[in-house]
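*Asks:* Structure in structure tokens, see below.
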Amino acid sequence: MHARSARRWRLFGVAAATVGGLLALTACTGGTQPGTQPPSSPPVSPCGRAIQAFAKAWSAGGKHGLGKVVDRPRAADAAISSYDAALTVTGSAVVPTGPVAPSAGRCHQAADVTLRLTGAEPWTYRTTIRARQTSSGWRAVWSPQTFYPRLTASTTLRLTRTLPPRAPILDRGGSPITPLRPIDRVGVVPKKVRPQTYPDLARLLSIDPTSLHQQVQAAQPDWFVPVIDLRRSAYLPLRSRLLAVPGVLVDPGTRALAPTATWARALLGAVEPATAATLASAGPLAAPTDEVGAGGLQQAFQQRLAGAPGLRIALVSKSTGTVRRVVLSRAPVPGRPLPTTLSSTAQDVVERVLASATATTAAVLVQSSTGQVLAVGNAPGPTSYDTALVGEYAPGSTFKTVSATALLSEGKLTPASRVACPPHVLVGGRSFRNAELGLPPHLTFAQAYAVSCNTAFVPQAERLDADALPKAAALLGLTADWKLGVAGFSGSVPATSDLVTRAADMIGQGTILVSPLAMAMVAATADSGVARTPTLLPTVDPGRRLDRLPGPLTRDLHQLMRLVVTSGTGTGVNLPGLPVYAKTGTPQYQVGGGSKTATNAWMIAFRGDVALAVFVANGSSGADAAGPVVRAILSGLPAAIYHRGGGG
């Protein structure tokens with residue numbers, strides 16, 4: 001049956017709040033004039049010292065420190081521990097303030113108490129600490145009123161924490177990508193579980209029955225032990241079979257979810273029950289029982305999206321639970337939505353295209369005129385590793401776009417310059433060969449770029465300075481300082497005086513590393529003629545305009561990249577209508593550090609105001625593995641998205 005209220009279940013395995021942790025305090029004193037002595041503090045009476053000692057012991061957590069400072073240490077320790085547990089206190093600071101008021105054999109002093117609460121702002125209030133002279137010396141006097149002035153022997157404190165709805169992540173049009181969607185929490189009640197429960201759930205939900213059995217064994221009989229949370233669309237087909245399994249209890253709820261489990265999963269992250277790792281970065285207003293951001297934007301902007309919980313502390317009767325007085329009330333503060341530049345239209349297309357991918361595949365689309373990120377896809381999914389943004393790979397011949405920029409901008413070659421394209425060539429004693437077979441021995445530089453002739457490029461390293469490639473890379477936007485709001489890799493293009501390394505770098509096979517987003521930004525620069533840093537979160541960091549390419553260089557890059565599509569290695573993306581410009585890449589890498597090699601596949605392209613990069617791990621070639629992905633994405637995008645400002 002379905003649980004009727006969230007109060008009916010408890011998450012198993014959540015650690016109890018730490019009781020009475022130490023809160024460090026610092027004191028500030030005003031300066032004194034040179035040559036003068038600071039005023040001396042008035043002497044503290046023995047009664048006042050007893051109050052200070054008790055305040056210090058309470059601040060330190062009480063345990064093992066109350067025996068010599070309070071008249072009833074066991075009662076004080078038990079009561080403080082009980083109140084701390086009820087309020088989920090993680091630390092206390094008790095500071096005596098004002099004068100000590102003496103009387104015969106007694107005294108009292110006001111004290112400011114600050115309690116750190118799990119998943120909430122601290123609670124600060126004022127109480128009174130009393131002390132008296134005993135046969136063992138001066139001791140603080142314990143009573144419930146010492147902890148909080150309105151407490152009595154028949155009352156206690158109760159904390160209720162209320163979470164506001166989580167704010168959504170928005171697409172570029174302001175529509176929620178991650179609204180609250182219905183989910184169903186599938187769990188079991190240990191006292192109702194039977195031996196067949198474990199194999200039945202393993203078959204229906206593909207869970208580890210051994211792990212579940214261990215959790216059930218460690219739980220209390222009437223606890224709710226969570227098994228899995230399912231989207232409503234995934235739960236309904238299984239509903240009748242799940243409810244027939246002994247011990248299963250299903251609790252409906254909501255969670256901030258993207259349209260599907262794979263939709264930009266690595267970029268957006270997820271919202272899940274807190275773990276030690278996610279709780280550590282969730283901020284002071286998150287509690288172990290919360291659902292918090294896990295990975296991506298949901299984790300990076302947890303505090304913004306989650307808002308602040310509401311808090312109610314009430315004085316209640318111990319015997320009946322009746323509320324006598326509300327002593328603190330804070331309304332929940334809703335989270336703030338997070339606008340992004342993502343196009344739901346473009347992301348939908350990327351998700352459909354990558355749905356059938358079995359190899360690690362990444363696709364990134366950006367708007368060339370602004371550098372705004374339109375779509376980020378990673379496959380196979382759902383995956384939490386954002387290859388598209390943080391993957392570090394050799395770019396292969398897509399880097400010839402950078403090499404060509406260095407040669408063209410320094411006047412070493414023009415698109416019409418004649419270059420040799422032999423089957424292999426020696427540079428600095430190392431042999432380089434062409435991946436493509438049967439290439440003409442003599443070509444124009446534009447043709448050599450189009451057919452990806454390695455041997456036409458590597459000898460040009462001798463004509464370039466050690467820093468020529470880093471300069472050209474920076475001109476196209478590589479290696480810039482990015483502020484995406486999440487991790488991103490803008491590339492590494494080191495200068496080198498070693499000729500062999502520089503020759504290998506010319507074809508993206510040396511020391512060069514890039515991410516798919518970095519290469520999408522190269523394509524965007526070639527398209528628009530202006531290098532920019534990428535923008536993902538326009539209200540957090542709108543991105544920066546970097547360099548404008550010289551007009552002739554932009555025209556030359558357009559000529560080279562268009563020739564790839566019309567008569568080179570990228571003819572598979574030569575779509576009708578708006579022209580496509582592209583460059584393929586097929587870098588080799590060593591497998592397991594041995595002599596065996598494999599290849600990855602790349603293609604960068606632009607069409608209209610959309611630039612993209614596609615990476616396929618272990619792809620046979622850029623043309624054969626990445627090319628079909630590029631073609632499918634470009635074919636699937638609506639015409640309006642290609643126009644400047646279209647965006648989708």
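The values are calculated or read from the model by the stated rules, or taken from the named source; none is laboratory data. Small disclaimer: the values here were computed from a predicted structure and weren't measured. All Cβ positions, glycine included, derive from the backbone under ideal geometry; neighbour counts span all protein chains shown. SASA here: full protein model, heavy atoms, side chains in, ligands and nucleic acids out. Shrake-Rupley method; radii C 1.70, N 1.55, O 1.52, S 1.80 Å.
*Asks:* Out of 176, 195, I need the residue that is without any contact (Cβ under 8 Å) to a residue 40 or more places away in the chain and open to solvent by 30 Å² or more (accessible area, probe 1.4 Å). Which one?
*Replies:* Going through 176, 195 in turn, just one is without any contact (Cβ under 8 Å) to a residue 40 or more places away in the chain and open to solvent by 30 Å² or more (accessible area, probe 1.4 Å): 195.
*Asks:* Within the set of pairs 6 or more residues apart or between chains, which connect a residue that is closer than 30 Å to residue 485 by Cβ inside the range 537-559 to a residue that is surrounded by fewer than 15 Cβ atoms within 10 Å (Cβ to Cβ) with Cβ atoms less than 9 Å apart?
*Replies:* Short answer, once both residue conditions are applied: 544/481; 554/548.
So that you can scan it fast, the table gives a plain yes or no per residue for (1) open to solvent by less than 10 Å² (accessible area, probe 1.4 Å); (2) farther than 30 Å from residue 337 by Cβ; (3) touching a residue at least 40 places away in the same chain (Cβ under 8 Å); (4) part of a helix (DSSP H, G or I):
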{"position": "495", "(1), (2), (3), (4)": "no, yes, no, no"}
{"position": "509", "(1), (2), (3), (4)": "no, yes, yes, no"}
{"position": "522", "(1), (2), (3), (4)": "yes, yes, yes, yes"}
{"position": "575", "(1), (2), (3), (4)": "no, yes, yes, no"}
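*Asks:* Right, another one. How many of the residues making up the range 625-648 are in contact with a strand residue (DSSP E or B) (Cβ under 7 Å, 6 or more places away or on another chain) and part of a helix (DSSP H, G or I)?
*Replies:* Total meeting the criteria: 9.
*Asks:* Taking only the range 357-404 into account, find how many residues are in a loop (DSSP other than H, G, I, E, B) and open to solvent by 40 Å² or more (accessible area, probe 1.4 Å).
*Replies:* 9
*Asks:* Still on this model: In this structure, does residue 470 turn out to be modelled with pLDDT of 95 or more, closer than 28 Å to residue 549 by Cα, over 40 Å from the mean Cα position of the chain (by Cα) and open to solvent by less than 40 Å² (accessible area, probe 1.4 Å)? Working first, answer last.
*Replies:* Details: modelled with pLDDT of 95 or more: yes; closer than 28 Å to residue 549 by Cα: yes; over 40 Å from the mean Cα position of the chain (by Cα): no; open to solvent by less than 40 Å² (accessible area, probe 1.4 Å): yes.
So residue 470 fails the test.
*Asks:* To continue, here is another question. Can you find a residue that is farther than 25 Å from residue 376 by Cα and open to solvent by less than 70 Å² (accessible area, probe 1.4 Å) anywhere in the range 584-592?
*Replies:* Checking the range 584-592: at least one residue is farther than 25 Å from residue 376 by Cα and open to solvent by less than 70 Å² (accessible area, probe 1.4 Å).
*Asks:* What about residue 609, is it under 27 Å from residue 341 (Cα atoms), open to solvent by 50 Å² or more (accessible area, probe 1.4 Å) and of a type outside the set (A, V, I, L, M, F, W, C)?
*Replies:* no
*Asks:* Take residue 106 and tell me if it is open to solvent by 20 Å² or more (accessible area, probe 1.4 Å) and either without any contact (Cβ under 8 Å) to a residue 24 or more places away in the chain or in contact with a Cys (Cβ under 6 Å, 6 or more places away or on another chain) (or both).
*Replies:* Taking the combined requirement at face value, the residue does not satisfy it.
*Asks:* A further question on this structure: Could we say that residue 300 is open to solvent by less than 20 Å² (accessible area, probe 1.4 Å) and either modelled with pLDDT under 95 or among the small types (Gly, Ala, Ser) (or both) here?
*Replies:* no
*Asks:* Using the structure shown, decide if residue 245 is free of Cβ contacts under 8 Å to residues at least 60 places away in the same chain, part of a loop (DSSP other than H, G, I, E, B) and of a type in the set (A, V, I, L, M, F, W, C).
*Replies:* Judged against the criteria, residue 245 is a match.
*Asks:* Sticking with this structure for a sec: So which residues in the range 115-163 are of a type outside the set (Ser, Thr, Tyr), open to solvent by less than 20 Å² (accessible area, probe 1.4 Å) and over 24 Å from residue 50 (Cα atoms), if there are any at all?
*Replies:* Scanning the range 115-163 gives 117, 119, 120, 123, 157.
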